[in-house]
1. For the chain, set up a GNM with springs between Cα atoms under 10 Å and report which of 156, 178, 246 has the largest fluctuation.
2. List the trypsin sites (Lys or Arg not before Pro) in region 48-115 that DSSP assigns to loop (not H, G, I, E or B) and whose Cβ has at most 15 other Cβ atoms within 10 Å. Which are they?
3. Which helices pass in the chain if a helix is a full DSSP H run, must span at least 27 angstrom along its long axis by Cα, and must have mean Kyte-Doolittle hydropathy not below -0.5?
4. Compute the Cα gyration tensor for region 1-139, then decide on rounded, prolate or oblate, letting a ≥ b ≥ c be the square roots of its eigenvalues: rounded whenever a/c is under 1.5, prolate when a/b is larger than b/c in the other cases, and oblate in all that remain.
5. Hey, could you pull the Cα Rg and Dmax for region 137-209, both in Å?
6. What lysines does residue 160 reach when the alpha-carbon gap must be under 29 Å and sequence neighbours fewer than 8 apart in one chain are set aside?
7. I'd like the trypsin sites (Lys or Arg not before Pro) in region 129-168 restricted to DSSP loop residues with at most 16 other Cβ atoms within 10 Å, sorted by number.
8. Could you work out the local net charge near residue 251, counting Lys and Arg as +1, Asp and Glu as -1, over the other residues with Cβ closer than 11 Å to its Cβ?
Amino acid sequence: MKKYNIKAVFFSPTGNTEKIVTKIAEEIAASFDDEIETINFTLPEARRTRWVFDVNTIVVFGLPVYAGRIPNKTLPAVKENFAGNGAFAIPVVTFGNRSYDDALSELRDLLEANDFRTIAGAAVVGRHPFSDVLASGRPDADDIDRLKGFSQDICYKLGKYNMHRQIEVKGVSPAKEYYCPKGVNGEATNFLKAKPKTNKVKCTKCKICARVCPMGSIDSTDVSLVSGVCIKCHACVLSCPVNAKYFDDPAFLSHVAMLDSEYVRRVESDFFV
Ligand SMILES: Cc1cc2nc3c(=O)[nH]c(=O)nc-3n(C[C@H](O)[C@H](O)[C@H](O)COP(=O)(O)O)c2cc1C
């Protein structure tokens, strides 16, 4: 008999969050002999839909960490588009080796406010899109094993579930201010206005960058034009088949150099059940 509907819900410009949320949801579904349904709200058109869940649903809900919080441009969708109606939720944030700061507590609080019952939470390490060395190759085989163990713990907890208490996670509630990026000299730096550049010699005008931009900001008639907001997610940079997209903003590059020198050590994920 079908016990729960299992949903994998995520915003994932460069794929880590999709991979991690999908793995957790699939492992939970497997224990109920069931399949998952996916709601990917990375692209603007997917954020025009509103989803209403129910008490027979388990939602694994994932977002990447940006500046120690959940990406502020996803806040309207997270707040408005998902009604829990008593559904179970597992908030998941993915982060690239620096820290997840208050992102997990923030997501937990937002889901609880939308009438979800948070029963577990995770902050999982994923390759940082700014760099080749930060959390390179993550999630790896060890991470995947730990995701399986986490999913089994959730199923065990569901069997014993009787009264709702929101999951306790690391991080302050309400979440503190956003992390302020630093440059190599240790001083605060600001690259909010930075946008990707296009190497016009390499660019083949395939338009993949325009299609994957979560803000819909890259002009599809001339992909070197970024007419809207850029969240620095790097979806365009990493998806370009000929490496024609790049950032050359000096403040941004200084921040990346600082991360590459201070945050290369291995960091483990955190799981809360
Ligand atoms: C704009 C931006 C800000 C980020 N800020 C942080 C951060 O504060 N701490 C951290 O450890 N990782 C940070 N990261 C790394 C991402 O959280 C991490 O790589 C995440 O898994 C990317 O998810 P995705 O592949 O689903 O897009 C940041 C990445 C981007 C693009």
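Quick note: the coordinates plus some simple rules give every number you see, no bench work behind them. Please read all numbers here as calculations on a predicted model, not as lab measurements. Cβ placement follows ideal geometry from the backbone for every residue including glycine, while neighbour counts extend to all protein chains displayed.
1. Of 156, 178, 246, the most mobile in the Gaussian network model is 156.
2. Qualifying residues, ordered by number: 50.
3. In the chain, no H run is both long and hydrophobic enough.
4. Prolate is the answer for region 1-139, as a/c is 1.5 or above and a/b outweighs b/c.
5. Cα-based Rg and Dmax for region 137-209 come out at 21.9, 62 Å.
6. Candidates past the 8-residue exclusion: 2, 3, 7, 19, 23, 148, 170.
7. Those satisfying the criteria are 165.
8. -1
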